[in-house]
Amino acid sequence: MNEEDLDPKPFLSSKTLTEEPEKLRPSKVRSIWAIEWSIWFLIGAAFAIWFSGYRAVFKLISASDPVTILHIVGGSVFTFACVWNLAHPPSHGTLYRTVHIIVGRSAILTYVVLFVVGAIKVWNGSYSKRFAIGLTIGGAISIVSMTIALIAITRKPRTALHVTVHRFAMTMMFFGGCLIPAVVNFPRQFSTRSENSTFAFYGWIFPLVVGLLHLWAVKRKSVV
């Protein structure tokens, strides 16, 4: 992410950010509570925070190997970074724009490490093949989304369409990288036999649908 304004307000305009810098520049800083939300974002954020916050604490207490500890800590950092950046896009003000860039870059670097560590752990551990495939699909979706987002936001000259693509891809990165592991792991809270279930294999579909619904709600300005 570059350090120029990433204001997505001219949603699909062909104008570049350099043509109307004053118009597209955030005019004031929003309250920290004035987030950009939808019911779908709240569902996703709550589920992801439960998995990477509350549940992660208990997993961290019982963890003994460095790989597991690194994955848990890194996953929690990545989750909270994504939630923040979706809640406060750069259009919310100059301060949020600066924080968005720093947090976004940190999250991307963190996730690359997470994906490699997670893949090693899930395919070399005692997990079922269905469970491993479900988690790997989520990780792959996030890596592809991250790549698309970086390509879009570094284009010169950057148009509003590039910003829209970046925003779409990074939203999918959140719902893929944070919510898919949470959803696929959820049945394991009740039975480890769920690793072989159909849900463990196809559970990655639900988070992506929720992510698309969030984007739809934000675009229509229909916060429900």
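Each reported figure results from applying straightforward, stated rules to the coordinates on display, with no laboratory input. These figures come from a predicted structure and were not determined experimentally. Note that each Cβ is placed from the backbone with ideal geometry, even for glycine, and that neighbours are counted across all protein chains shown.
Listing for the model above:
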{"quantity": "R0 of 41 Å, Cβ-Cβ distance residue 126-residue 32: FRET efficiency to nearest 0.05", "calculated": "0.45"}
{"quantity": "Mean shadow area of segment 106-178 over all directions, Cα convex hull, nm²", "calculated": "4.8"}
{"quantity": "Highest to lowest packing among 160-173, 139-152, scored as the average C-beta count within 10 Å", "calculated": "160-173, 139-152"}
{"quantity": "Pairwise FRET efficiency - residue 70 versus residue 105, Cβ, R0 = 22 Å, nearest 0.05", "calculated": "0.70"}
{"quantity": "Segment 105-147 - Rg (one decimal) and Dmax (whole number), Cα, Å", "calculated": "10.8, 33"}
{"quantity": "FRET efficiency for residue 205 and residue 94, using Cβ-Cβ distance with R0 set to 35 Å, rounded to 0.05", "calculated": "0.35"}
